[in-house]
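A.B. asks: Take this structure first; my questions come after.
Each reported figure results from applying straightforward, stated rules to the coordinates on display, with no laboratory input. Fair warning: this is a prediction, and the values are worked out from it, not measured in the lab. So basically every Cβ, Gly included, is an ideal-geometry build from the backbone, and we count neighbours across all protein chains shown.
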Amino acid sequence: MNQAQDTRLDWRTAARLGLLGGVVTLYFGAIGMVLTFSVRNLLGTFINVGQILTVAGALAAGYLVGRTFIEAGRRRQVIPMGLLAGFMAGLPPLILVIMGTLFPVNPMFININDELVQLITFGLGPVLGSVALVLLSTVMGLVGAALELMDERPRRALINGVLWVLLLGLFSENAATILEKFIGHAAVRWMFQNKSLNPIAGAVLFIITFGFSFLGSGDRARQKWQSMPPEAQQQWRKYFIVLGLLLALALPWIVGQFLSQVLFIVGLYVMMGMGLNIVVGYAGLLDLGYVAFFAFGAYTMGVLTSPQGPGGGILNFWAALPFSIAVGVLFGVLLGFPVLNMRGDYLAIVTLGFGEIIRVLAYSNWLAPLIGGAQGVLGIPSPSLFGFELGKPEYMYYLVLVGSIIAAFIAARLRDSRLGRQWMAMREDEDVAEAMGINLVQTKLLAFAIGASFSAASGAIFASRLHNIFPNSFGILVSINVLSLIIVGGLGSLPGVVVGAAILVGLPELLREFAEYRLLMYGILLIVMMLVKPEGFWPEAARKRELRGEEEWDEAAAAPSSAE
Amino acid sequence: MKIDLERISWVDIFLWLFRIAAFVLIVVGIYNTLAAGKYTSEQWVTLIFSGLAQGSIYALIALGYTLVYGILLMINFAHGDIYMAGAFTAVFLAEYFAENGFLAAHPFIALTLLALLAGGVSMALAVLVERIAYRPLRNAPRLVPLITAIGASFSIEYTFRGLYGPGFHAYPPVPALSGSVHIGRFEVPTVQIVVLIAAVVLMAGLYFLVERTKIGKAMRAVSENQDVARLMGIDIDWVIVFTFAVGGLLAGVAGVFNGLFRPQGVYFFMGFIPGIKAFTAAVLGGIGNVPGAMVGGILLGIIEALGPNLFLEGLGIPAANQLKDAIAFTVLVLILIFRPQGIFGERLAEKKA
C-alpha cells in the first residue's frame, strides 16, 4: 500500500487496516447484505454467504497486513500484527450488536434488527456472541496474515480449492441442473442438499482442485503455449475458436431452459456492449443515453409487428428488423449532431438527458396513440424461421448468438480498418487527429450511428422475446449496465465485452438474492476498477502493450487475473 | 463582401436549421397559448412563484456542481445523490420532531436543526466521496474520474436504499408554514416564500465566502491555476476538500427545503433527476460561475414551471405536464447549441479542454 511510509510501519498500520476491514463489515451489516445473503447456504446448512461477509473484512485486513509487513521485510511481525488487525476488525461490527439490542433504531435503519444481531452473534446472545465475534475475527485476521507466510504454490492451491468449493456452493442450484445430465439424478441429489453443497462432496472437491492446482497443471499448459512457435499458436487459436463456437452452439441443451434465458439476456447485453464499445471504447465519446437506441429498436419492432399496435402487425420479425436498425441509426445521427462540438463531460450529461427525454416521451400521453404510453406495446409475436417459431429461450439464444457474432465481427473488422484508426486517434487527441486530416464530424457521427445500430438490433430482439414492452424497461439503469460491463471487461476490448457481460449481467441473474444490491455492486466495482485496474479484466491489445510492453494479449486469456 | 462558402460545413447548416426550428416552435407555442387566453394572470403568478421556490433549490444544488467544476474541471456526478443523502437522513428527525410536537411548538429551531443535520450528512458524504473516488485519480485521463463519479452515484443511492429501505418518507407538514401570504392581489404559499428567502440568504452567504474571505480567495486562486496557487503556499488538498464540503452543505440544506414543499416524499433515487437539472442550471448560468449558477437555477425553475402550460400546450400537446422533466433536459441541449458558455459565461482557467 503506502510504500513511501514503510519506514514508519508499526502496529498502528495494522490497527488501522483492521478497523477499515471492520468498518466494511459494519457497512455490509447496516445495509442489510449480511441478512439478505444469509439465506444462501454454501456448505451444508452451517456456512452461508452472510457469515462469509461477516468475516471477509477481517480476513482481507489480515491479508493486507501480512502483505504490507512482508514487503517491508518483517516476517516475524506478521503473525502478531495479523492477530491485532483481526481483533480490531471485530470491533466495529459490535456497533450493530449494540444498536440492535439497546436502541430501537428500526424505523430508521431498517436492517439493524434482532435477526441480524442473532446472525452475527451466532445465536449465543449479545454478550457471549460479541466475544465470539471478536474472537472469530481475530482468528480470521491471523488466517489472512498466515496465508502470506505460506509458499507461493501451496497458497495458490489452497485459495483455488476454497474458491472452487465456495463457487460451487454458491451456484449449487444451477450446477445441479447441469450436472444432472452427466452424472445422474441420485448423485446430484447427494451432492447438493438444502440448496447447498454437501460437506463431504465439498471436501472431495477441495482435495481435487487443491491437488490439480498444487501440481500446477495450469502453469505447465501456459509454459507449453509460450514455447510454441507463432504459426502453431495461430493454428491452435483457430481450433480454440471452432471449439468455442461448438460449445456456444451446444450450450442451451446442456444448461436447460432457465440458464438459456440467462444466456439470452447476456447475449443481448453483449450486442449492446459491442456497440457502446465502439462509441466509448474506440471513439472515446462517453454516451450515457445509450438505452435510447435500445428503446428505438424495441419500439420500432413492437409497433411494426404487433397486431394490436398501430401498425397492425403488417410485418414479421425479419422484415421489421432492418427498420428497427434504420431507426436506430437515424436517431444515432440526429442525437449525435447537437453534441458534435461538446467536450467529453458535457457529452456525458447531455446524452444522459437524451436518454431521460426518450423515457419521458415513451411514458407520455402525447405519443400514446403510437407507442402506447404507460401501457406499452403488447402482443409482439415471436420471430419464426421457415414456419418454425423461435419462441423458446433456447432458440432465441441462437438468434442473439448470431447477432452477437455479427456484431463482434463488424466491431473487430472496424477496429482494424481505417475508420477504427481514426476513432482511436480521435480518442487520444481530437485536435491532433483533426490536424492529421481526420474529418471529426464524419468520424463521430459514424461512431454514434454504428453504435446505435447494434443497440437497436438488440432492442428489436428483446421486444420479440418479451412480447410486451413497457417504458420502464428503458431506464438509465440499462445504460449504466452496459457502460459498467464494457469498463469491467476492458474499454475497447471485444473479448472484454463478453467477459464483462457474463460477470455483470450473467452472475446477478443467477444470484437472485443479489437483485437489490446489484447496482450497489456495479457502483463499487466501477470505482474499484478505476482505482486498481483501469484497463479492465481483459484489456485491449494496444492498451495492454502500452501498460506492460507485451506483444500478445492471449496471455490475458490464460491468466486474466494476473494482469496488473 | 464575399462569404467564404468553403468554411460553412453542413453541420453548421444543420445546427442553424435546428436553432431556427427551436426558436420558431417556442414562439409559436407561446403565441398560441397567450392568444387562447386559457390562464388568468393569477395562475401565471402562482406558477412563477412555485418555479422560483423550486428554482432556488436547483440553484443551491447547482452551486455544488459549479464550485467543483470551477476547481477540478470535473462533473461531480454524485452530487445529486449527496443532496438525497441529507434529505433522506433528516426526514427521520423530522418525523421524530413531528411526533413529539417540537415541530409545531418551535418550528424555527426545529427546521434549523433539520437543515444542520441534512447539511452535515451531505457535507460528510461529499468529503468522503472526494477522498475515495476522486482524489486518487486527480491526474488520470478525464474519462476516469467521470466513471468513478457515476460509480459513486450508484453506490450512494443503493447504500441509502440498504440503510433506510426502498420506501418513500414524506416530510411532516409544518403548521407554521402551511398558510399563504398575500402579495398584492396574489396569494402565495408561505412555504415557497420561506424557501426562497432562506435560499437567497444562503446564496448571499456563499457569495460573500467566495469573494470576500481568505479561503474564498484561495478557492478562486486554485481554480485559476493550481500550480501557481501551490507556489503561493495554498494547500490545494484542503481547498478542494473545503469546496466539496461547502457544495455538500448547500445540497443537504436544499434537500430539506425540497422536502418542505413537495409532499410526495423522499427516497433513495430522488437525487438523480434534480442532479441533472441542477447541472443544467449550472451550465445555463455558465459553469464555474457562482452568480451564474444562482441565476441559472432560478431561471430553470421558472422555465420548468411555466414551460408545459406556456408553450407545450400551445403546440397542441395533450397532458403537457407529463413532459415537465423533458423540458429541463431540452433546455440543456438548447443552451449547449445556442450558447455553450452559458448566460454569464464560463469562469474557467485556460487549461479547460
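A.B. asks: Only four residue types carry charge here, +1 at the Cβ of Lys and Arg and -1 at the Cβ of Asp and Glu. Report the dipole size of the range A:337-432 about the Cα centre in Debye, rounded to the nearest 20.
C.D. replies: The calculated dipole for the range A:337-432 is roughly 200 debye.
A.B. asks: Now, a different point. Give me the percent relative contact order of chain A, please, defined on Cα pairs under 8 angstrom at least 6 residues apart. Working shown, then result.
C.D. replies: Values: 906 pairs, mean separation 80.0, N = 564.
Computed value for chain A: 14 percent relative contact order.
A.B. asks: What's the magnitude of the charge dipole for the range A:153-221 around its Cα centre, counting Lys and Arg as +1 and Asp and Glu as -1 at the beta-carbon? Answer in Debye, nearest 20.
C.D. replies: Using Cβ point charges on Lys, Arg, Asp and Glu, the range A:153-221 gives about 180 debye.
A.B. asks: Here's something else I'd like to know. Evaluate E = 1/(1 + (r/R0)^6) for residue A:528 and residue B:36, where r is the Cβ-Cβ distance and R0 equals 60 Å; express this FRET efficiency to the nearest 0.05. Walk me through the numbers before you get to the answer.
C.D. replies: Values: r = 56 Å, r/R0 = 0.94.
After rounding, the FRET efficiency stands at 0.60.
A.B. asks: Using the count of nearby Cβ atoms within 10 Å as a rough guide to exposure, how do A:71, A:509 rank from fewest to most?
C.D. replies: Least to most surrounded, the residues fall as A:71, A:509.
A.B. asks: Next question, about the same structure. Helix A:11-30 versus the longest principal axis of chain A: what angle, 0 to 90°, nearest 10, using Cα atoms?
C.D. replies: Helix A:11-30 sits roughly 60 degrees off the main axis of chain A.
A.B. asks: Of the options B:314, B:80, B:147, report the single residue whose Cα projects farthest towards the positive end of the charge dipole of chain B (beta-carbon charges: Lys, Arg +1; Asp, Glu -1).
C.D. replies: Of the listed residues, the answer is B:147.
A.B. asks: Let me ask something else. In peptide B:276-285, how many Cβ atoms from other protein chains are near each Cβ within 10 Å, on average?
C.D. replies: Mean inter-chain Cβ contacts per residue within 10 Å come to 2.
A.B. asks: Moving on. How much length, in nm to one decimal, is gained on full extension between residue A:115 and residue A:428, taken as 0.36 nm per residue of separation minus their Cα-Cα distance?
C.D. replies: Separation in residues times 0.36 nm, less the Cα-Cα distance, equals 107.4 nm.
A.B. asks: Which length gain, in nm to one decimal place, applies between residue A:187 and residue A:122 when the Cα-Cα distance is subtracted from 0.36 nm times their residue separation?
C.D. replies: Extra length available between residue A:187 and residue A:122 comes to 20.2 nm.
A.B. asks: Further question: R0 = 25 Å: FRET efficiency of residue A:409 with residue B:139, Cβ-based, nearest 0.05?
C.D. replies: 0.10
A.B. asks: Looking only at B:109, B:193, B:30, which one moves most when chain B is put into a Gaussian network model with springs between Cα atoms under 10 Å?
C.D. replies: Among B:109, B:193, B:30, the largest GNM mean-square fluctuation belongs to B:109.
A.B. asks: While we're on this one: Nearest 20 debye, what's the magnitude of the dipole of the protein assembly as shown about its Cα centre given +1 on Lys and Arg Cβ and -1 on Asp and Glu Cβ? Mind showing how you got there, number by number?
C.D. replies: Details: 58 positive and 55 negative charges, 143 e Å.
Its charge dipole is roughly 680 debye.
A.B. asks: Additional query: Given the options A:267, B:124, A:41, identify the residue whose Cα lies farthest towards the positive end of the charge dipole of the protein assembly as shown (+1 on Cβ of Lys, Arg; -1 on Cβ of Asp, Glu).
C.D. replies: It is A:41, whose Cα lies furthest towards the positive end.
A.B. asks: Which order results if A:400, B:241 are arranged by neighbouring Cβ count within 10 Å, fewest first?
C.D. replies: Placing the least packed residue first, the sequence is B:241, A:400.
A.B. asks: If I build a Gaussian network model for chain B, linking alpha-carbon pairs within less than 10 angstrom, which residue out of B:294, B:123, B:270 has the largest mean-square fluctuation?
C.D. replies: Between B:294, B:123, B:270, it is B:270 that shows the largest mean-square fluctuation.
A.B. asks: Could you check which residue among B:282, B:85, B:140 shows the biggest mean-square fluctuation in a GNM of chain B with a 10 Å Cα cutoff?
C.D. replies: B:140
A.B. asks: Mind checking the mean number of beta-carbon atoms from other chains within 10 Å of the Cβ atoms in A:280-293?
C.D. replies: Going residue by residue through A:280-293 and averaging, the value is 1.
A.B. asks: Angle check, please: helix A:230-276 long axis (alpha carbons) against the longest principal axis of chain A (alpha carbons), in degrees 0 to 90, nearest 10.
C.D. replies: It works out to around 90 degrees.
A.B. asks: Quick one: compute the contact order of chain B, relative version, from alpha carbon pairs under 8 angstrom and 6+ residues apart, as a percent. Don't skip to the end; give the middle numbers.
C.D. replies: Values: 551 pairs, mean separation 119.2, N = 353.
Reported relative contact order: 34 percent.
A.B. asks: Could you order the peptides B:330-339, A:286-295 from most to least packed, using the average number of other C-beta atoms within 10 Å per residue?
C.D. replies: The packing order, highest mean first, is A:286-295, B:330-339.
A.B. asks: Another question, if that's okay. Normalising by the residue count of the range A:1-149, find the relative contact order in percent from Cα pairs under 8 Å and 6+ residues apart.
C.D. replies: Relative contact order of the range A:1-149: 32 percent.
A.B. asks: Then there's this: List every DSSP H helix in chain B whose Cα atoms extend 24 Å or more along the helix's own long axis and whose mean Kyte-Doolittle hydropathy is at least 0.0. Could the numbers behind the result be given before it?
C.D. replies: Working: long enough: B:10-36 (38 Å, 1.85); B:41-72 (44 Å, 1.15); B:79-99 (31 Å, 0.67); B:107-129 (33 Å, 2.33); B:143-164 (32 Å, 1.01); B:190-212 (32 Å, 1.98); B:236-261 (38 Å, 1.82); B:290-307 (25 Å, 1.76).
Those that pass (Cα extent of 24 Å or more, hydropathy at least 0.0) are B:10-36, B:41-72, B:79-99, B:107-129, B:143-164, B:190-212, B:236-261, B:290-307.
A.B. asks: Using per-residue counts of other Cβ atoms within 10 Å, averaged over each peptide, order B:224-237, A:249-262 from highest down. Provide the component values of the computation, followed by the final result.
C.D. replies: Numbers: B:224-237: 13.8, A:249-262: 16.0.
Descending mean neighbour count gives A:249-262, B:224-237.
A.B. asks: Determine the sum of side-chain charges near residue B:45: Lys and Arg each +1, Asp and Glu each -1, restricted to other residues whose C-beta is under 11 angstrom from that of residue B:45.
C.D. replies: Result for the neighbourhood of residue B:45: -1.
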